[in-house]
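What follows is calculated from the coordinates using simple rules that are stated; it is not laboratory data. Bear in mind the structure is a predicted one, so any value in this text is a computation, not a measurement. Counting neighbours? That spans all protein chains shown, and the Cβs are built from the backbone with ideal geometry, glycine included.
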Amino acid sequence: MEEKLKQTNINIVKVVLFGPESSGKTTLSKLLARHYNTVWVPEYARDYLQNKWNNERKTCENSDMIPIAEGQMKLENELAQKADKILICDTDLLETKVYSEAFYGGFVHPDLQNAALQNTYDLYLLTYIDAPWKKDDLRDRPEQRKEMFDAFENALKKHHRPYILLKGEKKERLEIAIREIDKILKSRSDLHRFLGK
């Protein structure tokens with residue numbers, strides 16, 4: 001696998017916010033990181049594509065997928081070193097893969113495909129599209145929100161990723177996410193006690 005797309009092996013719980021644009025992922029990432037007193041990994045594509053738009057007035061192209069994926073993994077691997085027991089990720093390479101399939105006729109670069117399927121996480125928090133749409137320079141498919149949501153959920157099912165669906169208000173989503181993450185932290189702690197670590 002392309003080395004720049006490889007996940008560093010660190011013994012922490014990794015949680016991914018997953019879903020279509022403008023579905024509340026970043027807001028929830030920040031709230032969860034604050035709750036667990038840890039760091040969160042921003043979505044690298046946001047800054048990358050905003051800079052491209054500001055400087056060239058161009059939107060995302062197929063050739064951007066690998067630089068975005070490499071930037072995302074670099075950020076994740078750096079911040080994983082600073083995390084306390086848990087790392088909150090505002091996206092992952094499986095999400096980048098879904099976007100590549102949706103925007104480029106099903107095409108996914110083989111290196112991105114391999115990395116997206118080999119990198120692992122403890123839990124995916126799939127954000128539903130009941131959060132209000134917020135327009136910006138980059139978001140461009142408000143009329144296809146359901147179609148995109150289905151693509152994200154189908155990817156989780158197809159690749160057997162552990163996930164829960166988050167709907168409703170911010171407070172409700174946060175409470176459900178915390179409850180599920182706490183279960184993982186408890187089972188990890190119980191296992192360590194059992195093994196005498």
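With R₀ set to 35 Å, the beta-carbon distance separating Ile164 from Asp84 gives a calculated FRET efficiency near 0.95. Using alpha-carbon positions, what is the distance between the centroids of the stretch 156-187 and the stretch 74-115, in Å? Measuring centre to centre over Cα atoms gives 18 Å. Over all orientations, the stretch 1-87 has a Cα convex hull whose mean projected area works out to 6.5 square nanometres. Bridging of Lys183 to lysines at a Cα separation below 28 Å is possible for Lys6, Lys14, Lys25, Lys30, Lys82, Lys85, Lys157, Lys158, Lys167, Lys170, Lys171, Lys197, once same-chain residues fewer than 8 apart are set aside.
Here the residues Phe149, Phe18, ranked from fewest to most Cβ neighbours within 10 Å of their Cβ, fall in the order Phe149, Phe18. Each other residue within a Cβ distance under 9 Å of Ala116 adds +1 if Lys or Arg and -1 if Asp or Glu, for a net charge of -1. Ordering Met65, Met148 from the fewest to the most neighbouring beta carbons within 10 Å gives Met148, Met65.
Stretching Glu61 away from Glu2 to a fully extended chain increases their span by 19.2 nm, per 0.36 nm per residue minus the current alpha-carbon distance.
Each label was represented as a point 7 Å from its Cα along the Cα-to-Cβ direction; for Glu101 and Glu147 these points are 1.5 nm apart. Residue exposure proxy: Phe152, Phe107, ordered by other Cβ atoms within 10 angstrom of their Cβ from fewest to most, comes out as Phe107, Phe152. Taking 0.36 nm per residue of separation and subtracting the current Cα-Cα distance, fully stretching the chain between Asn51 and Leu185 would add 44.5 nm. In the chain, the inverse of the mean reciprocal separation of distinct Cα atoms equals 17.3 Å; this is its Kirkwood hydrodynamic radius.
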